[in-house]
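Values quoted throughout were computed directly from the atomic coordinates according to the rules given, and no laboratory measurement underlies them. As the structure is a prediction and not an experimental result, all values here were calculated from the model. Cβ placement follows ideal geometry from the backbone for every residue including glycine, while neighbour counts extend to all protein chains displayed.
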Amino acid sequence: MRLDKIRLAALEAVLRLYTDPDRLAERLPTLRLLARPGNDIVALGQRLLPAVEEALEGIAEADLVDTRSQIGSGALPVSLLPSAALALRPISRSGAAVEALARALRALPIPVIGRIEAGRVLLDLRCLEDEATFLHQLSALAIDKP
C-alpha cells in the first residue's frame, strides 16, 4: 500500500485515539463492539424478540440463541467471541424459504446480513447498535414465494 497524505492523515487520526485509552472503546466503534459484554447482547435480543416475532408472524418463527461471532479473517480467521443471535426459521421449512428470507432481509433499506445455519437465518446481535431503525424497517420486509 502506498502511503499518501490522505492515508497518513487517517492513520494519524486513529493513532491519536490511542493516546486516551480510557475513552478508546467509546471513540473507536470496532473496539467498542468487540468488547461489548455478552449480557448486553442477550438483553438486546430479549428486547427485540417480541417485536421481531410480531413483525414476522406468518412468515417465520423467531428465537434467541447463543452463538459465536467470528471477529475477522486475515490475522484472526478462527477467533470467535460469545454472542447472541435472533434465529429466524421460516414457517415453510424448505431451503428455498430460508434463502428467500435471507434475500428479503438483505433487500431492506438498510440491509440486514445474517448467516444461514441449520435451516435458520441467524442475525448475530453483537454489532447492532440502532435497534429502533432495525425494528422500524421490518415492516418493509417483502418475502418472495420460493
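For this structure, a couple of remarks:
- Helix 5-17 and the long axis of the chain differ in direction by around 80°, with both axes built from C-alpha atoms.
- The Rg/Rh ratio for the chain is 1.06, where Rg is the radius of gyration of the alpha carbons and Rh is the Kirkwood radius.
- Contour excess over end-to-end distance, with Cα ends at Val65 and Arg103 and 0.36 nm allotted per residue: 11.6 nm
- Distance between the pseudo-spin-label points of Asp20 and Glu57 (7 Å out from Cα toward the beta carbon): 4.7 nm.
- In this simple spin-label approximation, Leu28 and Thr133 carry label points 7 Å from Cα along the Cα→Cβ vector, and these lie 2.3 nm apart.
- Fully extending the segment from Ala13 to Ser92 would add 23.4 nm, taking 0.36 nm per residue of separation and subtracting the current Cα-Cα distance.
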